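The block underneath contains the structure these notes are about, expressed in structure tokens.
The values are calculated or read from the model by the stated rules, or taken from the named source; none is laboratory data. This structure is a prediction, so every number in the text was calculated from the model and none was measured. For neighbour counting, all protein chains shown are included, and Cβ atoms are generated from backbone atoms with ideal geometry for every residue, glycine included. SASA here: full protein model, heavy atoms, side chains in, ligands and nucleic acids out. Shrake-Rupley method; radii C 1.70, N 1.55, O 1.52, S 1.80 Å.
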Amino acid sequence: MTTADPTAPRASLQRVTALQRWAPMLWSLRIDRPEDFRFAPGHYAKLGLTGPDGQNVWRPYSIVSATDDPELEFLIVLIPGGAFSEPLSRIEVGQSVQLASAIFGFFLEPQLAPGDTLWMLATGTGLGPYVSLLRTSGALDRYRRLIVVHSVRQAAELAYRDELEALAATDARLSHLPIVTRDAGATVLSGRIPALIADGTLAQHAGATLDPATDRVMVCGNPDFTTDMRALLNARGFLPCRRGNAGSMLFEKYW
Ligand SMILES: Cc1cc2nc3c(=O)[nH]c(=O)nc-3n(C[C@H](O)[C@H](O)[C@H](O)COP(=O)(O)OP(=O)(O)OC[C@H]3O[C@@H](n4cnc5c(N)ncnc54)[C@H](O)[C@@H]3O)c2cc1C
Ligand SMILES: NC(=O)c1ccc[n+]([C@@H]2O[C@H](COP(=O)([O-])OP(=O)(O)OC[C@H]3O[C@@H](n4cnc5c(N)ncnc54)[C@H](OP(=O)(O)O)[C@@H]3O)[C@@H](O)[C@H]2O)c1
């Protein structure tokens, strides 16, 4: 007799509807969305697969799609040997993954105090929540300027680059600053985001300041990056968002 796993989330099987490969180890996955699955940009979902031992493995993934998209989209990097991302990389259109019924997370832009400029800083797959924010009509109406900074190793990993550039061409508030760190010359800017902020390069390039009086900053991706950014912004007078207290900076760590 098998007993139900008491830690398993309530979930449903959802069909994979589309895959987009950006680079050999980086892709976007779209799945059907249950009618009652509601989220805000910045929330993450939990996806599950059944392992060879019959046990389900669950991992969190930020939602990339707009809140009114009838499907759910995720941006995923393959971690060689990873218990989840490796089997997930073999899933094809028409096959299914488990989707936990609940949504999770606090990386939600409305937690920030009103401001003039929103900086959206990402490494790797940490771009996802910003694409959801930018795709969701009206989500960022309160800002006068929007600056997306996306750092990846190689140019091919600049997922959603064309979409963001097309959006920037029609929305004068938006600047998209791609950064490639391991392919010199592939982008105008190179180097890690905290260093480019510390020496003023990023603000100069964006034609903006980074001032807690007017600017709000979201930081998502590699945990060493979020740690460095927290120290840097803290030293400049940015304040965290605490329960009930709107701040000027928000963080999401992916591991
Ligand atoms: C709130 C939250 C949201 C997340 N959203 C995403 C997302 O949108 N897309 C995504 O690909 N992953 C995301 N992750 C990470 C994801 O949940 C898995 O950890 C990842 O897919 C690897 O799973 P795994 O079982 O293959 O390897 P794991 O054993 O879980 O991870 C092994 C190692 O891989 C590295 N790693 C894990 N995730 C990443 C990543 N995203 N980028 C670079 N290195 C990584 C770390 O060094 C980690 O220790 C998120 C994690 C959290 C906590
Ligand atoms: N992306 C791929 O297609 C690819 C290719 C090979 C392997 N992998 C596997 O995927 C994993 C994750 O790769 P990833 O490239 O998506 O994520 P990543 O290692 O977090 O790198 C993404 C971006 O974040 C930058 N970064 C890393 N640490 C930082 C820090 N402390 N401060 C500021 N910026 C920082 C990187 O710059 P730096 O270049 O300076 O580190 C890079 O520009 C790897 O560990 C590997 O297992 C992925």
- [ ] Would you work out which of Ala18, Ile31, Pro212 lies farthest towards the positive end of the dipole of the chain, given +1 charges on the beta-carbon of Lys and Arg and -1 on that of Asp and Glu, about the Cα centre?
- [x] Pro212
- [ ] Could you tell me what percent of the accessible area of the chain is made up of carbon and sulfur, with a 1.4 Å probe and every protein chain present?
- [x] 51
Task: Interatomic Cα distance distribution for the range 11-100, bins of 5 angstrom, percent - done: 3, 14, 26, 28, 19, 8, 2, 0
- [ ] Take the chain, compute every pairwise Cα distance, and split them into 5 Å bins from 0; I just need the percent in each bin.
- [x] 1, 6, 13, 17, 19, 16, 12, 8, 5, 2, 1, 0, 0, 0
Task: Simple label model, 7 Å out from Cα along Cβ direction - Ala235 to Ser190, nm - done: 2.5
Open item on the list: From zero outward in steps of 5 Å, how is the percent of C-alpha pairs of the range 109-253 spread across the bins?
Closed with: 2, 10, 21, 25, 23, 13, 5, 1, 0
- [ ] Would you mind working out the magnitude of the charge dipole of the chain relative to its Cα centre, with +1 at each Lys and Arg C-beta and -1 at each Asp and Glu C-beta, to the nearest 20 Debye?
- [x] 440
Open item on the list: Per q in 0.12, 0.15, 0.26 Å⁻¹, report the Debye log10 I(q)/I(0) for the range 163-235, using one uniform scatterer on each alpha carbon and no solvent.
Closed with: -0.38, -0.60, -1.41
Task: Amide hydrogen neighbours beyond the local backbone of Arg192, cut-off 5 Å, H modeled - done: none
Open item on the list: In whole Hz and in residue order, list the ³J(HN,Hα) couplings for the range 225-238 that follow from phi through the Karplus curve 6.51 cos²θ - 1.76 cosθ + 1.60, θ = phi - 60°; x for Gly and Pro.
Closed with: 5, 5, 5, 5, 5, 4, 5, 5, 6, 4, 5, 8, x, 6
